[in-house]
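Let me begin by presenting the structure, written as structure tokens, before commenting on it.
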Amino acid sequence: MPASDFEYSSNIIFSNGNIDPWSGGGIMSNITTNNIALVIEDGAHHLDLRLPEDESDPYSVKVARQTEYAYIK
């Protein structure tokens, strides 16, 4: 299982957008409290990482960015 590869790592945020065809190969659930997985409804490939934010970004992407900022901070 790929998640076991990250069992002893820390401070990783795995973000997957539901409409991203690559998300099926991603980490879809938290591994530890420091390695979290965000599944972003209406998210596409790297949309949460694109800046500047756009007012047309889906709400789920805006929430994901806030969560990512909070963990990084």
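Just so it is clear, none of the values below were taken in a lab; they were calculated from the coordinates. Since we're looking at a predicted model, the values are computed, not measured. In this analysis, Cβ positions are derived from the backbone assuming ideal geometry, glycine residues included, and neighbour counts consider all displayed protein chains.
By count of other Cβ within 10 Å, fewest leading, how are Lys73, Lys62 ordered?
Lys73, Lys62
Modelled this way, with points 7 Å down the Cα-to-C-beta line, the labels at Ile72 and Ser9 are 1.7 nm from one another.
Between Trp22 and Asp57, what length comes free when the chain is fully extended (0.36 nm per residue of separation minus the Cα-Cα distance, one decimal in nm)? Walk me through the intermediate numbers first.
Values: separation 35, 0.36 × 35 = 12.60 nm, distance 1.97 nm.
My answer for the length gained is 10.6 nm.
Report, in degrees rounded to the nearest 10, the 0 to 90 angle that the Cα long axis of helix 59-72 makes with the longest principal axis of the chain. Rounded to the nearest ten degrees, it is 50.
Out of region 1-46, which chymotrypsin sites (Phe, Trp or Tyr not before Pro) are coil in DSSP terms and have no more than 12 other C-beta atoms within 10 Å? Within region 1-46, the qualifying chymotrypsin sites (Phe, Trp or Tyr not before Pro) (loop, at most 12 other Cβ atoms within 10 Å) are Tyr8. Taking θ as phi - 60° and the Karplus parameters 6.51, -1.76 and 1.60, the scalar couplings of region 23-30 work out to 4, x, x, x, 7, 10, 9, 4 Hz in sequence order, x denoting glycine and proline. Over the residues of the chain, the helix contribution to mean residue ellipticity at 222 nm works out to -6000 deg cm²/dmol, using -39500 (n - 2.57) for each DSSP H run of at least 4.
Just one of [x] 39, 35, 21; [y] 32, 25, 17; [z] 38, 29, 14 is Cα extents along the principal axes in Å calculated from these coordinates, so which is it? Here the calculated entry is [z].
Summing charges over all other residues whose Cβ lies under 13 Å from the Cβ of Met28, with Lys and Arg as +1 and Asp and Glu as -1, gives -2.
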